[in-house]
Structure formats: C-alpha cells, structure tokens
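Here is the structure we will look at, set down as structure tokens.
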Amino acid sequence: MTVISVTGGARLEGLVRVTGAKNSVLKLMAATILAPGTSTITNVPAILDVTIMAELMRRLGCDISHDEPKQSLTISVPEKLEHRADYDLVRQMRASICVLGPLVTRFGAADVALPGGDAIGSRGLDYHIEGLKKLGATVKSEHGYLVAHAENGLHGATIHLDFPSVGATETILMAAVLASGVTVIDNAAREPEIVDICNMLSEMGAQISGAGTSVIEITGVKKLNPVTHQTIGDRIVAGTWAAAAVMTKGDITVTGIDAKYLEMPLSKIRDAGATVDIEKDGFRVTMNSRPKSVDIVTLPYPGFPTDLQPQFIAMNAIAEGAAMVTENLFEARFRFVQELARLGASVKTDGHHALIRGVEKLSSAPVEATDIRAGAGLVLAGLVADGNTLVHGVEHIDRGYTDFVDQLVSLGADAKRID
C-alpha cells in the first residue's frame with residue numbers, strides 16, 4: 001500500500017506547470033481509432049488513466065508507444081480492429097466508454113463493458129445509448145456489456161440532450177463524423193475538452209461547426225486521416241494549485257493553461273481574498289491572509305466545475321465564516337467530507353448541499369481518498385493541518401495528477417510517498 005504523507009505548515013511558493021488534460025487526452029486517444037494509420041498526441045500527462053486506456057486500445061489491436069519524458073503518445077491504428085473492450089480494464093476507468101462511438105461508426109459493432117471509475121454517484125449511459133440509436137445503431141445491454149451494431153452504417157440525425165452531458169456529446173460526436181448526412185447535437189456540452197476533441201477531429205478531416213457552443217453540427221465524411229495534435233492544459237489540476245496557494249497563504253505561478261478556461265474558479269479565488277494575475281501561459285495566485293469563505297454551485301461549463309468542488313470545500317474548511325456548497329452533478333461527491341471531518345473540519349451535508357464553517361486550523365489524521373479529486377482535496381487539507389496527515393487511496397490521485405508529490409515538494413511542501 002502506498003500513502004501520501006503530508007506535514008502541514010509550509011507556505012507554497014514557486015512555479016508549477018500543468019500537463020495535458022486528463023479529461024481530454026483519453027478521448028483524443030479514442031478518436032485515433034477513427035483514422036487508420038499513425039497519429040501522435042503530445043502534452044500527454046503521465047497518469048494511470050492514460051496507461052489503462054493505452055492497454056485497452058492495445059487489446060483492440062492498436063500499437064501504442066508512450067514516451068513519458070517527451071509527454072507524447074504514438075498510436076498506430078490498423079485497418080481492422082477488435083471491437084470488444086473487456087471489463088477488467090473498463091471497470092477501472094469510466095472514460096473507457098469513449099471507444100464506443102468510434103468502434104460503432106468505423107466497424108459497425110462494439111461490445112464495451114459497463115464502466116466503473118470514481119465512486120461519486122450514478123452516471124447513466126442513457127444519453128449515449130439514445131444518441132447512437134438516433135444515428136441508426138441498435139444498442140442493448142447483455143451480460144454486463146453494451147452491445148452496439150450498425151451493419152449498414154450510421155446516418156445523420158438531430159439529437160437533443162436533456163442535459164449537456166460531456167460523455168454523451170463526445171460519443172455522439174465521434175460516431176457522427178463518419179456517419180452519412182448531417183448530425184446536429186442540441187444542448188451539447190461546451191467544456192474546453194469538447195472543443196479540443198472537435199479541433200483534433202477537424203484536423204483529421206471532419207466537418208464540424210459550433211464547437212464550444214450549445215449546438216454542434218457535424219457533416220459526415222467517408223474517411224479521416226491520422227494527425228499530430230497537442231492536448232490542452234488541465235484546468236482541474238491548475239485549479240487545484242490555485243486553491244493550494246490560497247490555503248497555504250502562498251504564491252504560486254501556474255503555467256501550461258489558458259486562464260480563460262478557469263474564469264469562474266479564479267473569480268472565487270479572488271472572492272476568497274487572493275490576488276490573481278493572468279499571464280500569457282497561465283496565471284499567478286498570491287495570498288497573504290486567511291481566506292474568506294466562498295459559496296459554490298457546481299454547474300456544467302462555463303459554470304463552476306464539479307471536479308474542483310472537493311478542493312474548494314477544503315479551502316472553505318479553514319476560511320473565515322461559513323459557506324454553502326451546492327453539488328448539482330454527482331449525488332455522492334460529498335462522501336469525502338466524512339474524511340475531511342476527521343481532520344477537524346466542520347461540514348454538514350443535506351442532500352446536495354454542504355454547509356462548511358471555517359476553523360482556524362485542521363488537525364492531522366489518517367484519511368482515505370474515494371476518488372481523484374477527493375484525494376487532491378485531502379492532500380490540500382493536510383498542507384494546513386497541525387501535524388502529519390497520511391492520505392490513503394493514492395491510486396485514485398495517480399489517475400489524475402502527474403508527479404503530484406514531487407510538484408508539492410518543489411513548491412516547498414513537506415510531503416512524500418511512503419510504500
């Protein structure tokens with residue numbers, strides 16, 4: 001078992017660079033299935049989820065080379081692929097479902113195990129399934145697998161999403177690029193990661209308009225070509241460092257990210273009392289006093305991201321005053337506050353609301369991460385706790401953060417991994 005040991009009290013100072021976005025690179029990897037030949041993805045984070053996704057694609061028949069020092073992935077996609085994504089890999093990572101659309105549209109068949117991933121609540125696949133059905137596929141659930149067929153190919157359709165689901169938008173998008181005719185996704189997700197995949201698909205030869213808006217239009221083409229594409233920076237990792245600067249009364253410059261992707265979180269950072277300076281390749285957060293409490297309401301982009309909710313709850317836990325955090329996307333995301341309470345935080349939950357009353361100091365204790373972002377939030381809490389905090393469940397953190405402990409140490413934290 002590996003744990004992260006954090007001794008609180010250090011002020012974090014310095015520069016940290018974020019790598020490519022976890023929530024983008026996995027989908028970019030899946031998109032390469034659409035084009036036979038060799039594609040290269042750069043700015044690839046060295047995280048566990050990339051390793052899992054690479055192994056899943058190897059089992060489908062792709063040849064993948066991962067150069068971690070150069071942060072690049074080379075993916076060779078043959079003319080023929082297997083179309084079954086097995087449970088032992090899919091259960092580890094929900095993003096595995098993103099191979100569904102590319103396999104169905106290119107090969108007319110896909111068997112993908114129902115996914116696992118973070119324990120943050122139910123995330124149904126209804127929108128994925130209904131979208132593929134409107135494109136002409138037959139989809140059913142058999143023995144723990146989603147089985148999709150489209151022997152005669154897919155055709156364009158107008159698809160309205162009741163909720164702007166990122167995953168469903170990606171599935172429909174990747175299926176539609178090789179479908180005949182025009183597909184319109186109404187109430188599409190607008191996240192920067194959606195724009196990133198649209199950009200890559202367009203570079204491959206897809207005809208897409210409306211990326212970054214609520215209406216995306218795709219005109220199907222007969223063939224796509226392999227490309228070299230750079231992954232956008234990870235806004236969630238960048239937001240984590242912003243919260244760390246505020247909590248430790250620190251001074252952190254974050255590079256490798258377009259600050260416009262973090263307008264809402266950085267606005268909350270300013271409300272907490274920090275100075276935020278926007279720079280060409282990132283931003284700088286400077287804090288010299290105890291933060292003020294800030295209310296948070298999670299919403300689809302451009303609203304406040306649910307993936308930064310735990311980190312900002314940790315920030316509110318040591319802030320002046322009380323804050324209300326409302327979680328509108330994942331009903332089980334508050335599970336981690338039980339662990340935060342072990343560190344002395346005052347948090348009460350009621351449904352999808354959490355009331356946090358800030359305390360001046362947290363106290364160290366052993367805690368358990370239940371998902372990627374909860375793990376990050378607990379490590380941040382350990383940075384401002386009195387004594388030594390041991391964070392278990394490190395494998396969750398490794399799924400979303402590259403060299404997290406090394407970067408903490410480079411900023412002045414007293415932290416280490418212990419086997």
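Taken together, the values in this text are just the output of simple stated rules run on the coordinates, not laboratory data. On a predicted model such as this, the values are computed, not experimentally measured, just so you know. All Cβ positions, even for glycine, are placed from backbone atoms using ideal geometry, and neighbour counts span all protein chains on display.
Numerical summary
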{"item": "Cut-off 12 Å between beta-carbons: net charge of the residues surrounding GLY14, Lys and Arg +1, Asp and Glu -1", "result": "+1"}
{"item": "Length added when fully stretched, SER363-SER214, from 0.36 nm per residue minus Cα-Cα", "result": "49.2 nm"}
{"item": "Förster radius 22 Å - calculated FRET efficiency between ASP281 and ILE418, Cβ distance, rounded to 0.05", "result": "0.05"}
{"item": "Helix-only mean residue ellipticity at 222 nm for the chain, each DSSP H run of n ≥ 4 adding -39500 (n - 2.57), per residue, nearest 500", "result": "-8500 deg cm²/dmol"}
{"item": "Net charge contributed by nearby residues that have their C-beta within less than 15 Å of GLY136 (K/R +1, D/E -1)", "result": "+2"}
{"item": "Linear extension gain, SER346 paired with LYS133, 0.36 nm per residue minus alpha-carbon span", "result": "72.0 nm"}
{"item": "Whole-Hz couplings from phi, Karplus 6.51/-1.76/1.60, listed for the range 161-177; x for Gly and Pro", "result": "8, 5, 9, x, 5, 5, x, 5, 4, 5, 4, 5, 4, 6, 6, 6, 5"}
{"item": "Estimated D of the chain in µm² per second, where Rh is the Kirkwood radius over Cα pairs and Stokes-Einstein applies at 10 °C, 1.306 mPa s", "result": "73"}
{"item": "J(HN,Hα) series, the range 57-68, from Karplus relation 6.51 cos²θ - 1.76 cosθ + 1.60, nearest Hz, glycine and proline x", "result": "6, 4, 5, 6, x, 7, 10, 10, 10, 10, 9, 5"}
{"item": "Protection proxy ranking, peptides 336-346, 295-305, 369-379, average beta carbon neighbours within 10 Å, highest first", "result": "369-379, 336-346, 295-305"}
{"item": "Long-range amide H partners of ILE232 with built H, under 5 Å", "result": "ALA21"}
{"item": "For the range 326-356 and the range 29-57, distance of Cα centres in Å", "result": "34"}
{"item": "DSSP-defined antiparallel bridges as percent of all bridges, the chain, nearest 5", "result": "70"}
{"item": "Net +/- balance of residues flanking ASP258 in space, Cβ distance below 14 Å, scoring K and R +1, D and E -1", "result": "-3"}
{"item": "Mean projection area, nm², convex hull over Cα of the range 83-209", "result": "7.5"}
{"item": "Karplus-derived 3J(HN,Hα), 6.51/-1.76/1.60, for each residue of the range 330-339, Hz, glycine and proline x", "result": "10, 5, 9, 5, 7, 3, 6, 5, 4, 6"}
{"item": "Mean separation of Cα contacts under 8 Å, 6 or more apart, over the residue count of the chain: relative contact order %", "result": "21"}
